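Heads up, the thing below is written out as structure tokens.
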Amino acid sequence: MNRGMLKLYKTLFIIFSVVFILQGCSLRDFFDQFNNTKIKNKDNNKTIQKPIKQQKIKQIKKQVEPKTQTKQKKEKPQPVLKKAKEPKTIITLMPKTIVKVVATPKKVVHKPQPTTIKPIKIKPTPTPTKQKQIKPAPKPKKTPSTKIVEKKNIKASTTLKKQNLKEFSFDIIKKGKPDKNTFLVVGGIQGDEPGGFMAATLLATHYKITKGSVWIIPNLNFYSIIKRSRGPFGDMNRKFAYLPKDDPEYEIIQRIKRYITDPHVKLILNLHDGSGFYRPMYIDKTHNPNKWGQSLVIDQEILYNIKEYNDTYSIAKQVVDHINKYLLKKEDKYRVKNTHTRFDKTYEQKEMEKTLTYFAVNNGKAAFGHETSKSLTVSQRVYYKILAIEKYMDIMGIKYTKDFKLTVSSIKHAMEDDVSVVFDDIHIKVPLKNLRNIQKYFPIKKDGVIHYKSSNPLVKIIKQNNLYTVYYGNRRMTKLEADYLEHQYFDTQLNFEVDGKAVKCKFGDTLLVKKEFLVKQPKQFRVNVIGYKTSSGLETNKHIYRNNFIKRYSLEKHGKIYRVEFYKDKKFVGMILVKYIK
């Protein structure tokens, strides 16, 4: 080969070397393109006449690439892994074409390497072997609240103060089987209308729903019921359009709204007592269009935003016609009163926009107000409301039974005779009918709280100083004068003799006595028969007749029921009631 050709090769070699370096080509590319080129070293006059042997190429490649790496196509740029510890082989191309291999420690490079560099293969982190799935430990059952108020319908005495308003929250009684045709009955929205909350309570306590679903709220505004007020914090039936969060009754209103808008509820009846007698035309000051008594109230005739029970006028007319078949007197005749709430904007209509029924209508529910005249007795008001409630249930296809006759006298008996309170702390059941105004030296725990259950949702015990008033709706049934003692409960049998027969009983029982009874002296307890007069001071192992008692110490006004109390040292352990039935 002549000298000119060598010079040309040299020039091309230098050009390609510079280009390769500028473009960042790899050493492997260099060898691929020049492994068969003859290069002469000008300074040493040495010519490399043979191609670089394949073995040497492999040796150099081993230093640059992993052993397992094979020739691959160009790939996209890959960042250099910072944690690689292998030394980097740097190949320096000298101007005189002498290739020197220098091993230097790898430096951290923050920029990605050229596209032709193949990533170093790193063994992936081994995937953990599948293990048996461990079932999560079952969630621990919630421990019942220490507040006995929330457990098994047991309530606690409280004080009649604004800050305790949450303790007067209303009850919701659900009867029948849940379905999407539920009838919601509301009573007690205004505390000075006893016909409403007494009728709702009678429905809750004396009816059995055999088909369908009925929800009852008998004491919506319980605080105002106890206070005998239309609304100590304003009229609750004017708080359904807008109510600021700082209103004392805000939480109660939000809660009742949730029941009204519940998808199960389809028809709502709000029970009221109203003044006078509603008449479409003016007759006198008691019978005129401005009165509410003896009316069934609707906000508009047709509800276009709902499908079921949307013809409110027709439904109201059916109920009115049914009631008018069973009037106690002609003056009590019922009529439909349409307030035209949505269309007219008189003062009355503007007030109706704030009511419970109009809120229900705007939320797609058929809603009615039922008004009975305050000129009637409470039992007469309840009579008319029960007639209406039963007709609504008939219209909705709800089946029911009741345990009283639909007469005024039977209703009065049902409202008064079947009401009692169970004092949970002393395990004693006390009927509330005809109780004396005050029960002296009544044993109460030292913490000052009475825990109790009742057969009726309208029963409430209110504390004031050392007196505890038992309420039934807005009626004060009796007061308990506290005798604060430590209590200790014993589950044991007691031995009595009743009318000559041996009887065993437990604390909390009521013994029915015709003539006389005898308490056998227990080994571990001291006995105190309240009101028993004796000269010897002994109260056990003696026959006690009704005339042996001081009458004013009986629980009720007729002198028939007396307390027999048991003590261990100074601790109260239990009570038994003795009731003379003749």
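Structure above, values below:
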quantity: Some residue of the stretch 489-503 being of a type in the set (D, E, K, R), over 30 Å from LYS174 (Cα atoms) and touching a residue at least 60 places away in the same chain (Cβ under 8 Å); calculated: no
quantity: Members of the stretch 414-443 that are over 18 Å from GLN464 (Cβ atoms), polar (S, T, N, Q) and in a loop (DSSP other than H, G, I, E, B); calculated: ASN434
quantity: Members of the stretch 233-243 that are outside any helix (DSSP H, G or I), of a type outside the set (A, V, I, L, M, F, W, C) and open to solvent by less than 50 Å² (accessible area, probe 1.4 Å); calculated: GLY234, ASP235, LYS239
quantity: Any pair with Cβ under 6 angstrom, 6 or more apart, that starts in the stretch 510-526 at a residue that is open to solvent by 70 Å² or more (accessible area, probe 1.4 Å) and ends at one that is not β-branched (Val, Ile, Thr); calculated: LEU512/LYS579; LYS514/ASP499; LYS514/LYS582; LYS515/ASP499; LYS520/ASN495; GLN521/ASN541; ARG526/TYR567
quantity: Residue in the stretch 336-355 that is touching a Gly at 6+ places or on another chain (Cβ under 8 Å) and acidic (Asp, Glu) present; calculated: no
quantity: Check on GLY364, at positive phi, touching a residue at least 40 places away in the same chain (Cβ under 8 Å) and not in a helix (DSSP H, G or I); calculated: yes
quantity: Residue check, GLY176 open to solvent by less than 20 Å² (accessible area, probe 1.4 Å) and on the phi > 0 side of the Ramachandran plot; calculated: no
quantity: Complete set of residues in the stretch 329-342 that are in a loop (DSSP other than H, G, I, E, B) and open to solvent by 40 Å² or more (accessible area, probe 1.4 Å); calculated: LYS329, LYS333, HIS340, ARG342
quantity: Answer residue from the stretch 262-307, given it is charged (D, E, K, R) and in contact with a helix residue (DSSP H, G or I) (Cβ under 6 Å, 6 or more places away or on another chain) and is most open to solvent (accessible area, probe 1.4 Å) among those; calculated: GLU301
quantity: Identity of the residue in the stretch 367-380, among the small types (Gly, Ala, Ser) and not in a strand (DSSP E or B), that ends up least open to solvent (accessible area, probe 1.4 Å); calculated: SER379
quantity: Answer from LYS405, LYS345, LYS412 - the residue that is open to solvent by 50 Å² or more (accessible area, probe 1.4 Å), basic (Lys, Arg) and touching a residue at least 12 places away in the same chain (Cβ under 8 Å); calculated: LYS412
quantity: Test set (1) assigned to a strand (DSSP E or B); (2) more than 26 Å from TYR484 (Cβ to Cβ) - VAL578 fails condition number; calculated: (2)
quantity: Residue list for the stretch 145-173, restricted to those being surrounded by 14 or more Cβ atoms within 10 Å (Cβ to Cβ) and either modelled with pLDDT under 90 or of a type in the set (D, E, K, R) (or both); calculated: ILE148, VAL149, ILE154, LYS155, GLU167, ASP171
quantity: Pick from the stretch 473-504, criterion in a strand (DSSP E or B) and of a type in the set (Ser, Thr, Tyr), ranking: farthest from VAL578 (Cα to Cα); calculated: TYR484
quantity: From GLU481, GLU486, residue being open to solvent by less than 50 Å² (accessible area, probe 1.4 Å), within 22 Å of VAL529 (Cα to Cα) and touching a Lys or Arg at 6+ places or on another chain (Cβ under 6 Å); calculated: GLU481
quantity: Single unsatisfied condition, GLN464 versus (1) under 28 Å from the mean Cα position of the chain (by Cα); (2) open to solvent by 60 Å² or more (accessible area, probe 1.4 Å); calculated: (1)
quantity: Subset of the stretch 493-502 that is closer than 14 Å to PRO522 by Cβ and open to solvent by 40 Å² or more (accessible area, probe 1.4 Å) - its residue that is farthest from the chain's Cα centre (by Cα); calculated: GLU497
quantity: Residue list for the stretch 492-542, restricted to those being in contact with a strand residue (DSSP E or B) (Cβ under 9 Å, 6 or more places away or on another chain), of a type in the set (Gly, Ala, Ser) and on the phi > 0 side of the Ramachandran plot; calculated: GLY500, GLY508, GLY531
quantity: Residue selected from the stretch 311-322 under the condition in contact with a strand residue (DSSP E or B) (Cβ under 8 Å, 6 or more places away or on another chain) and touching a residue at least 40 places away in the same chain (Cβ under 8 Å), by the criterion nearest to TYR259 (Cα to Cα); calculated: THR312
quantity: Single match in TYR392, TYR383, TYR326, TYR358 (criterion: farther than 21 Å from LYS285 by Cα, open to solvent by less than 10 Å² (accessible area, probe 1.4 Å) and hydroxyl-bearing (Ser, Thr, Tyr)); calculated: TYR392
quantity: Among (1) open to solvent by less than 80 Å² (accessible area, probe 1.4 Å); (2) assigned to a helix (DSSP H, G or I); (3) in contact with a Lys or Arg (Cβ under 8 Å, 6 or more places away or on another chain) - the single one GLN318 does not satisfy; calculated: (1)
quantity: Among (1) over 22 Å from VAL422 (Cβ atoms); (2) part of a loop (DSSP other than H, G, I, E, B), the one test that PHE507 misses; calculated: (1)
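A quick yes/no check of all residues on (1) in a strand (DSSP E or B); (2) in contact with a Gly (Cβ under 7 Å, 6 or more places away or on another chain); (3) surrounded by fewer than 24 Cβ atoms within 10 Å (Cβ to Cβ):
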residue	(1), (2), (3)
GLY188	no, yes, no
ALA200	no, yes, no
LYS208	yes, no, yes
LEU220	no, yes, no
SER224	no, yes, no
ARG230	no, yes, yes
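The values are calculated or read from the model by the stated rules, or taken from the named source; none is laboratory data. Bear in mind that the values here come from a model prediction, so they are computed numbers and not experimental data. All Cβ positions, glycine included, derive from the backbone under ideal geometry; neighbour counts span all protein chains shown. For accessibility, only protein heavy atoms count, side chains too; no ligands or nucleic acids. Shrake-Rupley method; radii C 1.70, N 1.55, O 1.52, S 1.80 Å.
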